[in-house]
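For reference, the structure discussed in these notes is given below.
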Amino acid sequence: MFDPVISAADAADPRPVHALLAADLDAFLSARTAQWPPIRSLAAIGGFSAKAGQVLAVPSSGTGPEAVLFGLGDGSDPMSARALAARLPPGDYAFEDGFGGFDDALAFALGSYRFDRYRKSREEGETRPRLVAPAGVDLARLRAVAHACALARDMINTPANDLGPRQIETIAKEIGQQYGATVTCVAGEALLEAGYPAVHAVGRAAHAARAPRMIELTWGSGTHPTLVLVGKGVVFDTGGLDIKPSAGMRLMKKDMGGAAHALALGRMVMALNIPVRLVVLIPAVENAISGDAMRPGDVLATRKGLTVEVGNTDAEGRLILADALTRAGELAPALTLDLATLTGAARAAVGPQIVPFWTADDGLADQIAAAGIAQSDPLLRLPLWAGYEASLDSDIADLKNDPDAWAQAGSITAALFLQRFAPASGAWAHFDIFGWNPKGSPGRPAGAEAQAIRALLSLIEARFS
Ligand code: BES
Ligand code: MN
Ligand code: ZN
């Protein structure tokens, strides 16, 4: 169960947190010395200079409770409270001196995330620090966003043996039930009848208990404009017969990160009751190896009717997204957003912390980029460069899934592949997420990370509210 790390304003006796710019530390210490004489030497002994992320617990002043000094450095990091949450011992805390708004409280909530499903400490009911909601903060919204980000991270962190296609279906159904959405699922051989041949081809090699499926969640009034969210749900990517080397396979439990993000974003849309008709489409498969696996050179049918030559079985994400995007186009969407851990090339281009995105709609692109900056959720537009389209030409089929090497830009050619299947109606944008912190830091533990969805929530509100 999600543990609310932001408590209502009435929590008893929270410890005060003084958030300090480095430039303001000296004045702060001087002002406090009269009522609290040891404060300056406590800061000196603790090496506290109000550097960004620094935390110093100081004992009671005699009249007041024990307190915490928290460094903001030069104040340039809007997510500084992530480190604060990670460094505090359990207990209740409240920001002092008028510091702290929605974004600081959210940063605190995101920074207190831990994945302890498989640890003994979880059973022992280990508690986390809790922040009293700063005055005027919309607690329901804060919890909806924090909960969604934790959901995405929990799903990504959960290994493939406990998170198969069926578990994604179950999670979608649970979320749907919570908000009165309808969730349907087509699985296994029925995918062929239902017109999802590429989803079937990619997922059919998996064990029957982990059969491929197409999950569709629908919510909201049909009188509202339709928003479609598509998420790549590859629960594990071995690469298929074009098997990945060990190092490349090691993290591939996270290849359902797009599905986790789409569900998390959809959950926020429903929780905040945004006036849209929401459809979340999740093709959920395991890219496994068996006698029934798709082969290099196979030609697949797709829902759209285009044939795709499988040049490489490891380029599986674009195959399942092709069918899902075609389905999106049948729903007359005003906006379609797809999220996927689609290419290693996206990482070579921008690394793990920045999400590249593609859209043909310049207005939408500007709005997305602006939302990314406003929400401290970094996004960077890359072009749907038509000059590389010929790299997808196949000798025998309508297109192929492994672009020619001459085009080099693997994340762009992947986006161009998706564009061939994107809805004709409304705008479409594609996000190549990583969903992972390769290196841990306070408030950003190594492991799953939620990306782009805070920015996209604000984008969706701007376009539809
Ligand atoms: N899931 C991977 C992409 C990936 C790799 C994401 C590493 C994050 C980290 C995807 O299915 C894949 O294997 N893509 C190939 C495509 C290639 C075969 C055309 C890639 O990026 O190498
Ligand atoms: Mn792959
Ligand atoms: Zn993949």
Restricting to the range 433-454, and then to whatever is in contact (Cβ under 8 Å) with a residue 60 or more places away in the chain, away from ligand 1 (no atom under 15 Å from the Cβ) and not hydrophobic (A, V, I, L, M, F, W, C), can you tell me which residue is surrounded by the most Cβ atoms within 10 Å (Cβ to Cβ)? Arg454
Looking at (1) touching a residue at least 24 places away in the same chain (Cβ under 8 Å); (2) under 24 Å from Ala133 (Cβ atoms), can you tell me which one Trp36 breaks? (2)
Among the helices (runs of 4 or more DSSP H) lying completely within the range 300-403, list those that include at least 1 residues that are over 22 Å from Leu456 (Cα atoms). 317-329, 345-350
Could you tell me whether the range 416-427 includes any residue that is closer than 23 Å to Ala452 by Cα, part of a strand (DSSP E or B) and either more than 25 Å from the chain's Cα centre (by Cα) or within 15 Å of ligand 3 (Cβ to nearest atom) (or both)? no
Would you check which residues across the range 63-118 are without any contact (Cβ under 8 Å) to a residue 24 or more places away in the chain and under 21 Å from Ala146 (Cβ atoms) and list them? Asp116
Would it be correct to say that Ala349 is in contact with a Pro (Cβ under 8 Å, 6 or more places away or on another chain) and either farther than 19 Å from Pro212 by Cα or more than 12 Å from ligand 1 (Cβ to nearest atom) (or both)? yes
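This table checks each residue for (1) within 16 Å of ligand 3 (Cβ to nearest atom); (2) in a strand (DSSP E or B); (3) buried (at least 24 other Cβ atoms within 10 Å of the Cβ).
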position: Ala201; (1), (2), (3): yes, no, yes
position: Ala247; (1), (2), (3): yes, no, no
position: Ala262; (1), (2), (3): yes, no, yes
position: Val269; (1), (2), (3): no, no, yes
Pick from the range 33-74 the residues that are surrounded by fewer than 18 Cβ atoms within 10 Å (Cβ to Cβ) and in a helix (DSSP H, G or I): which of them is modelled with the lowest pLDDT? Thr33
Any idea which residue in the range 133-167 is surrounded by the fewest Cβ atoms within 10 Å (Cβ to Cβ), counting only those that are hydrophobic (A, V, I, L, M, F, W, C) and assigned to a loop (DSSP other than H, G, I, E, B)? Ala135
Pull out all pairs, ordered by first then second residue, where Cβ-Cβ is under 8 Å, the residues are six or more apart or on different chains, the first lies in the range 292-319 and is more than 16 Å from Thr343 (Cα to Cα) and free of Cβ contacts under 8 Å to residues at least 24 places away in the same chain, and the second is assigned to a loop (DSSP other than H, G, I, E, B) and within 14 Å of ligand 3 (Cβ to nearest atom). Gly297/Val310
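This table checks each residue for (1) within 16 Å of ligand 1 (Cβ to nearest atom); (2) surrounded by fewer than 18 Cβ atoms within 10 Å (Cβ to Cβ); (3) among the charged types (D, E, K, R).
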position: Ala371; (1), (2), (3): no, no, no
position: Ala374; (1), (2), (3): no, yes, no
position: Leu380; (1), (2), (3): no, yes, no
position: Gly387; (1), (2), (3): no, yes, no
position: Ser394; (1), (2), (3): yes, yes, no
position: Lys400; (1), (2), (3): yes, no, yes
position: Gln408; (1), (2), (3): yes, yes, no
So which pairs qualify, if the first residue must be in the range 208-236 and in contact (Cβ under 8 Å) with a residue 12 or more places away in the chain and at positive phi, the second must be in a loop (DSSP other than H, G, I, E, B) and among the aliphatic types (A, V, I, L, M), the Cβ gap must be under 7 Å, and the two must be at least 6 apart or on different chains? Gly220/Val276
Filter result (basic (Lys, Arg) and within 14 Å of ligand 3 (Cβ to nearest atom)) within the range 288-337: Arg318
Does Ala315 count as within 16 Å of ligand 2 (Cβ to nearest atom), of a type in the set (A, V, I, L, M) and within 16 Å of Gly257 (Cβ to Cβ)? no
Which residue, of Ala284, Ala348, is within 16 Å of ligand 2 (Cβ to nearest atom), crowded, with 18+ Cβ neighbours inside 10 Å and either modelled with pLDDT of 95 or more or on the phi < 0 side of the Ramachandran plot (or both)? Ala284
Just need a number here: residues in the range 209-243 that are away from ligand 2 (no atom under 16 Å from the Cβ), of a type in the set (A, V, I, L, M, F, W, C) and assigned to a strand (DSSP E or B). 8
Can you tell me which residues in the range 298-328 are within 14 Å of ligand 1 (Cβ to nearest atom) and surrounded by fewer than 19 Cβ atoms within 10 Å (Cβ to Cβ)? Asn312
Scanning the range 183-194 residue by residue, the ones that are surrounded by fewer than 19 Cβ atoms within 10 Å (Cβ to Cβ) and not polar (S, T, N, Q) total 6
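The values are calculated or read from the model by the stated rules, or taken from the named source; none is laboratory data. Keep in mind the model is a prediction, meaning the values are calculated, not measured. Here the Cβ is made from the backbone with ideal geometry for all residues, glycine too, and neighbour counts use every protein chain on show.
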